[in-house]
């Protein structure tokens, strides 16, 4: 299945956009041409699309035929019939509007399989795509290669557009002579390359094509970079070439033969700097290090500010003045150099008088539209804004009557996305409040007492002594109350639900807080682009209808898919306005109610002893260019987003990547974090895809928070914790754009990163493969499922290696922590292998976010259903779940749990439920159900063959008693963690001195990890008033084990008091023999033994 998902889909009959399984834009396979094709009539508009394979995002292509590449732009000035082609060999997707169809017709085509009805007996067919020439990288060179032409003599030409109307022969002559070539033997590869700049076709038989100097005139791409006021970087040959910068204040630059033309076009000369780019430029743009440096003369520098307000193109010319190269420019560097601004932006109050400022240095003008209210029919008063040419900031000062009125900016500016001057009516990126569905920004003073709940400024924060005391529970705001019977209907799915203190959800959280939980992580709660805030428009099938189908039916997901973009559910990783609470979670999305209710939510959560974490997504926006929900890019086009080598917005994050390496995007992120910390008294921040930011960005965020004080700002910034996803991938991988905020690079900053090393060892497999591969907790080696590959010896070595990865994680995932590995060697955490990377990478325990489950991928319970042997009954599976919880809870660092980990939460094996509606995401705090077996999952279609029998198996349904057993284990593990500071050590030195691992080396018991924590250490003062020693034994075996170590004999260990009276009768049977130092631990059990003081 091949689909063109994108913003065209809702126009073509799909229920929404970006549906990888949307039948409305499915292509049809054409076997005689070995390509996929589809033709659609699309209304006028500006669109984006990609190609998705087999109905999911797991395999998709965009941009230059790159997997997970950038979206492809499609701009239609009128209703147009558009044909798409997709070649699964090259992964190039072609559209008939934006791409040129180039075919190499000739006397060999019948040998490739061209049908007789095309051309003469299959030859000389300009419309046969068996010899389709493609240009995925957009360099103007179209290529085709084949080894299917038999030995013989042949002729060929180039045809454009699938007809003979435009064709080129020998020497690039239009309608010219056929071009001969000879294949000497069968199987030789024949390479064709067509240079669209001089129309020559080059052929190489059995060898690469040799092309002379390539003329590259691509002004629809931005391949050069204006990196500072006087310097342009371009990856171009400078031999026998002169350079100039062309500019047109009214845009419209086109190529006319050997020159550029446009109304009012002018140029300034550029000189080649033989010293290359400066060290400062290379430090800021390391990916441009080998580019040539072109310099603007000092005499022309005064022209630069005005040049930047129009269209700019850099050109290279040969000695005769003919164009050899031309391209547009990426301008973030020069804007940073000239216009970096450190002042306040958005609405700034001086008493009761507001001033509104917006940074728009490339705008020709910015006007201010003032609206008395949010009514769409209310006309605006249009006012002039004043430009500060030194900073690029436009401002206007109002009066007291403006308070709570609404506004928009009218910005006239050149947009590289459409290569023309546009006039945009756009909201403020620094918006603090919005009308419903974000149509207008609102002028509000968040310090107004009317916007504060009673006691807001004086309400105390729950105590927190150190980051290592943190335990996080991650919840989605809508999930939290969606099926809670004690929440009033009007509060379901809203901030207000958290103020209902006697609801099942709040009572649940309160119980966890009393046991030791410290932080509640809220999935994105800023203004979300993909949820309609007008609840009257929501559409979704009823729970009663969905419940009528069998547990393994495909009908539930089919019904949900039909309304998936029309309901009120989305995870929310689609930022629209970063500093405004999402309106769909408010009882009134129009205006300031969302501000008040968000604060009420924070206050209520704090009141039960929990601090609040917000999930922030500064790495991308929902839209860019001239798209309707593009904000940044319609004010300063081409600045805020990270661009690829052709000037297209990179989309490796999923969406429109931002570029916090640019000064003003970095400023925005820092300003935004400080705003949430002060205006909403947020206690911690989780950064989505943090590895796409720079280390310098993150340390500036840390410094800005550290500067906040109770006396000055009403919050203690040093108590605000930062953590995030430090993954290393995409266009920024391996520090390609600078020192990025990845796991390894953040060591020593105190910023936490999610630990995938322990996660994969505990669960088995990875989120991206091996769903049925077993890990430490679910039977690897000790209870094989018959699917995990490898002999008994191989699986034994694997579980021993996994145990070492887990030991590193238990020890704070410290880079330098030393212990004896399973081979008997003394190693550091960094020397333990994780897929060719160091397992240990932190320098402080607080940098270790320990987790085995979060909103992404399958829940812990669902992963166990994939991996556990079929012989394991529900009771054994619950113990697997509990064993995983224990490993996370007793690790040094910051334990992190997905809401429902303690309730055996299932999403019916849905691995990516971001848009799967309430049905698959239900969270039952009444503890009656866990949501397993509610239908085949929408996002895991490729695994339905595995999933269906699991969902249909009644033996895999849990009871309320099973859920209670898991919940009580979770609470007891929290209590144990907080019973001793030895579980919460605060330095690497303390971890090395106080934590050790018996049962290591070559003779260890497989499937058993023994961890000792000691408060009896030479030269270290005791820190635990209750226990002098603790031994934790994680037994993953399906049988009871006895661990004997004579060093523990006579120490007087007893089962931890919490476990001695545990809800779990099995753990109460764990025992210790003082005479021999023998610990006996039941199957699939974590037992904690202590020496009381």
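Would you point out the residue of segment 602-624, among those that are outside any helix (DSSP H, G or I) and out of contact with any strand residue (DSSP E or B) (no Cβ under 7 Å at 6 or more places or on another chain), that is surrounded by the fewest Cβ atoms within 10 Å (Cβ to Cβ)?
The first filter runs over segment 602-624 and keeps only residues outside any helix (DSSP H, G or I), leaving 608-624.
Next, from what is left, pick out any that are out of contact with any strand residue (DSSP E or B) (no Cβ under 7 Å at 6 or more places or on another chain): 608-609.
On the way: 608: 19, 609: 16.
The selected residue is 609.
Of all residues in segment 625-637, those satisfying the criterion of being assigned to a loop (DSSP other than H, G, I, E, B) and over 21 Å from the mean Cα position of the chain (by Cα) are 626, 628, 635, 636, 637. Could you pull out the residue among 229, 233 that is modelled with pLDDT of 95 or more, surrounded by fewer than 20 Cβ atoms within 10 Å (Cβ to Cβ) and either touching a strand residue (DSSP E or B) at 6+ places or on another chain (Cβ under 9 Å) or not assigned by TED's automatic domain parsing to the domain that holds residue 299 (or both)? Answer to the check: 229. Of the set (1) buried (at least 19 other Cβ atoms within 10 Å of the Cβ); (2) touching a helix residue (DSSP H, G or I) at 6+ places or on another chain (Cβ under 6 Å), all apply to residue 508 but (2). Flag: residue 433 matches the condition of being surrounded by 20 or more Cβ atoms within 10 Å (Cβ to Cβ), in contact with a strand residue (DSSP E or B) (Cβ under 8 Å, 6 or more places away or on another chain) and over 21 Å from residue 633 (Cβ atoms).
Mind listing whichever residues of segment 725-743 are crowded, with 17+ Cβ neighbours inside 10 Å, assigned to a loop (DSSP other than H, G, I, E, B) and in contact (Cβ under 8 Å) with a residue 40 or more places away in the chain?
Within segment 725-743, the subset crowded, with 17+ Cβ neighbours inside 10 Å is 725-728, 730-732, 737-738, 740-743.
Subset that is assigned to a loop (DSSP other than H, G, I, E, B): 725-728, 737-738, 741-743.
Residues satisfying the conditions are 737, 738, 741, 742, 743.
Taking the condition modelled with pLDDT of 95 or more and either under 21 Å from the mean Cα position of the chain (by Cα) or part of a strand (DSSP E or B) (or both), does residue 708 pass? When the stated conditions are applied, residue 708 does not pass them. What is the one condition in (1) part of a helix (DSSP H, G or I); (2) under 29 Å from residue 462 (Cα atoms) that residue 546 does not satisfy? Looking at each condition in turn, residue 546 falls short on (2). The single residue among 628, 645, 661, 666 that is farther than 21 Å from residue 849 by Cβ and free of Cβ contacts under 8 Å to residues at least 12 places away in the same chain turns out to be 628. Taking the criterion of being within 15 Å of residue 291 (Cβ to Cβ) and either touching a helix residue (DSSP H, G or I) at 6+ places or on another chain (Cβ under 9 Å) or modelled with pLDDT under 95 (or both), the only residue of segment 317-331 that qualifies is 325. Filtering segment 174-206 to residues that are touching a residue at least 12 places away in the same chain (Cβ under 8 Å) and surrounded by fewer than 13 Cβ atoms within 10 Å (Cβ to Cβ) leaves 174, 182, 184, 185, 186, 187. Scanning segment 283-307 for residues that are free of Cβ contacts under 8 Å to residues at least 60 places away in the same chain and touching a helix residue (DSSP H, G or I) at 6+ places or on another chain (Cβ under 7 Å) yields a single hit, 289.
Quick check: anything in segment 373-392 buried (at least 20 other Cβ atoms within 10 Å of the Cβ), at pLDDT 95 or above and assigned to a strand (DSSP E or B)? Looking for residues that are buried (at least 20 other Cβ atoms within 10 Å of the Cβ), at pLDDT 95 or above and assigned to a strand (DSSP E or B), one finds none in segment 373-392, hence no.
Would it be correct to say that residue 356 is in the same structural domain as residue 279 (by TED's automatic domain parsing), touching a residue at least 12 places away in the same chain (Cβ under 8 Å) and either farther than 24 Å from residue 270 by Cβ or touching a strand residue (DSSP E or B) at 6+ places or on another chain (Cβ under 7 Å) (or both)? Full working, then the answer.
Values: in the same structural domain as residue 279 (by TED's automatic domain parsing): no; touching a residue at least 12 places away in the same chain (Cβ under 8 Å): yes; either farther than 24 Å from residue 270 by Cβ or touching a strand residue (DSSP E or B) at 6+ places or on another chain (Cβ under 7 Å) (or both): yes.
When the stated conditions are applied, residue 356 does not pass them.
The numbered conditions (1) without any contact (Cβ under 8 Å) to a residue 60 or more places away in the chain; (2) crowded, with 23+ Cβ neighbours inside 10 Å are all true for residue 334 except (1). A count restricted to segment 843-883 and to residues that are outside any helix (DSSP H, G or I), over 22 Å from the mean Cα position of the chain (by Cα) and farther than 16 Å from residue 753 by Cα stands at 6. Per the conditions (1) on the phi < 0 side of the Ramachandran plot; (2) surrounded by fewer than 20 Cβ atoms within 10 Å (Cβ to Cβ); (3) touching a helix residue (DSSP H, G or I) at 6+ places or on another chain (Cβ under 7 Å), the sole criterion not satisfied by residue 778 is (2).
Tallying residues that are closer than 30 Å to residue 740 by Cα and surrounded by 21 or more Cβ atoms within 10 Å (Cβ to Cβ) within segment 293-307 yields 2.
For residue 70, the conditions (1) surrounded by 17 or more Cβ atoms within 10 Å (Cβ to Cβ); (2) on the phi > 0 side of the Ramachandran plot are fulfilled apart from (2). Within segment 781-798, the set of residues being over 30 Å from residue 59 (Cα atoms) and surrounded by 14 or more Cβ atoms within 10 Å (Cβ to Cβ) comprises 781, 782, 783, 784, 795, 796, 797.
A quick yes/no check of all residues on (1) under 30 Å from residue 322 (Cα atoms); (2) in a strand (DSSP E or B):
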site: 127; (1), (2): no, no
site: 143; (1), (2): yes, yes
site: 149; (1), (2): no, no
site: 154; (1), (2): no, yes
site: 191; (1), (2): yes, yes
site: 204; (1), (2): yes, yes
site: 223; (1), (2): yes, yes
site: 227; (1), (2): yes, yes
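Filtering 566, 517 for residues that are assigned to a loop (DSSP other than H, G, I, E, B) and touching a strand residue (DSSP E or B) at 6+ places or on another chain (Cβ under 7 Å) leaves a single hit, 517.
Of the residues making up segment 238-282, just one is surrounded by 16 or more Cβ atoms within 10 Å (Cβ to Cβ), assigned to a helix (DSSP H, G or I) and without any contact (Cβ under 8 Å) to a residue 40 or more places away in the chain, namely 282.
Among the residues making up segment 474-499, those that are under 26 Å from residue 853 (Cβ atoms), part of a helix (DSSP H, G or I) and in contact with a helix residue (DSSP H, G or I) (Cβ under 6 Å, 6 or more places away or on another chain) are 477, 479, 480, 481, 495, 497, 498.
The values are calculated or read from the model by the stated rules, or taken from the named source; none is laboratory data. Every value quoted in this text rests on a predicted model; they were computed, and no experiment measured them. So basically every Cβ, Gly included, is an ideal-geometry build from the backbone, and we count neighbours across all protein chains shown.
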